[in-house]
Amino acid sequence: MQSVFFCGLAHSFGLDEVAQHAMRLATQMGPMWMGAFLERLAAGARDAELSVLGMHRERFKREWRGLLPALTASAALAKGITPAWERVVSERLLSDSKLLGRVRSQIVEVLLRADPRWDGVPLEEAVDLLEAYGVRRKPGLIRCAGAATLHVGSSAYRLEDFTPVAHLPETWAEACVEAVLKAGVEVITTVENEYPFLAYVEEAGGPADVGARRELVVYTAGFPTPALMGTLARLSERKSSLLFRHWGDADVGGIRIWYFLRSRLKRSVECFRTTPEWVTSESARVGRHLSGLERSALSRLSAELEPLAGADVATACELIHALLKHGIKLEQERF
């Protein structure tokens, strides 16, 4: 009986701590969506109701101590940081270079639930989400394929000589932009997943053949990092006639990535290969069924998109309607 009493006391203490910490963070300057999330969390914690976090009592009792630094880091990342290595970010935000790594999964879960850009994206598809906020865990690379000549210092590098595809350092971004523009690239195809990216380049005959059709193929690895997004944005700004198109999964995450690219580029991005017609044709085969949460997220995303203009938006809305109609989701590897 005594142990039950102390467990209950610890649980109550944890709720109070989380509620107070969330309110402190909510009063600091930051995006409205993070402030609103923290206020909902504080109110819920005071009532011992943690659905905003998707947590049940037992899990909260195990994890609430890690939730405090996770909330601190999430609120800071929401405001925007200078991109840096994970342990550097951890030291700056939490005064402990290893702590962010220990609570990384909790930070990802908080941001998935708080940031409207990721509404409905499953946790298992967001392993590298913190890269989109500037937290780097591995050397930054621009993985692409095509034909162009990059001038870096006194050396020249032909993009088509990197086979099967190029892995360029992020520090070569400006050289890459200049080379792509000089090569007369007309189409930029972004690809969400690694194996479809490799297969697409191989199917085209290799980097040189991709380049021969005035195309550059870029692997986004899910949501693109700030550095990659910046490179794509500079290409867009420098050449307004470029056609951008994205090939991603037919699910909440895939459509969210397309919308993220479109929003950041501030231009139309064609839905490539992942189309309503493809979903319909594949619906006769066994597929993974949409969950209730995914259905709700797709409906909200459709409502968010419908007021926007553009043929690409119309296609995305039709794609969402096809997914909801057939009740399935498809990965691009199935193409």
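Annotations
- Helices (runs of 4 or more DSSP H) wholly inside the stretch 158-212 that include at least 3 residues being within 12 Å of Ala147 (Cα to Cα): 173-182, 207-212
- Of the numbered criteria (1) touching an Asp or Glu at 6+ places or on another chain (Cβ under 6 Å); (2) surrounded by fewer than 20 Cβ atoms within 10 Å (Cβ to Cβ), the one Met229 fails is (1).
- Residues satisfying the stated conditions in the stretch 207-226, i.e. under 21 Å from Pro116 (Cα atoms) and either among the aliphatic types (A, V, I, L, M) or open to solvent by less than 10 Å² (accessible area, probe 1.4 Å) (or both): Thr220, Ala221, Pro224
- Taking the listed residues Ala208, Ala166, the one that is in contact with a helix residue (DSSP H, G or I) (Cβ under 6 Å, 6 or more places away or on another chain), in contact (Cβ under 8 Å) with a residue 60 or more places away in the chain, over 21 Å from Val269 (Cβ atoms) and aliphatic (A, V, I, L, M) is Ala208, with no other qualifying.
- Checking Ser51 against (1) open to solvent by 50 Å² or more (accessible area, probe 1.4 Å); (2) modelled with pLDDT of 90 or more; (3) not charged (D, E, K, R), the condition it does not meet: (2)
- Residue-level check: of (1) farther than 18 Å from Phe335 by Cβ; (2) touching a residue at least 12 places away in the same chain (Cβ under 8 Å), Val217 misses just (1).
- The stretch 273-289 residues that are farther than 12 Å from Gly327 by Cβ, paired with ones that are of a type in the set (Phe, Trp, Tyr) and open to solvent by less than 40 Å² (accessible area, probe 1.4 Å) (beta carbon under 9 Å, 6 or more apart): Arg273/Tyr200; Arg273/Trp247; Thr274/Trp247; Thr274/Trp258
The values are calculated or read from the model by the stated rules, or taken from the named source; none is laboratory data. None of these values were measured; they are calculated from a predicted model. Here Cβ is always computed from backbone atoms with ideal geometry, including for glycine, and neighbour counts include all displayed protein chains. For accessibility, only protein heavy atoms count, side chains too; no ligands or nucleic acids. Shrake-Rupley method; radii C 1.70, N 1.55, O 1.52, S 1.80 Å.
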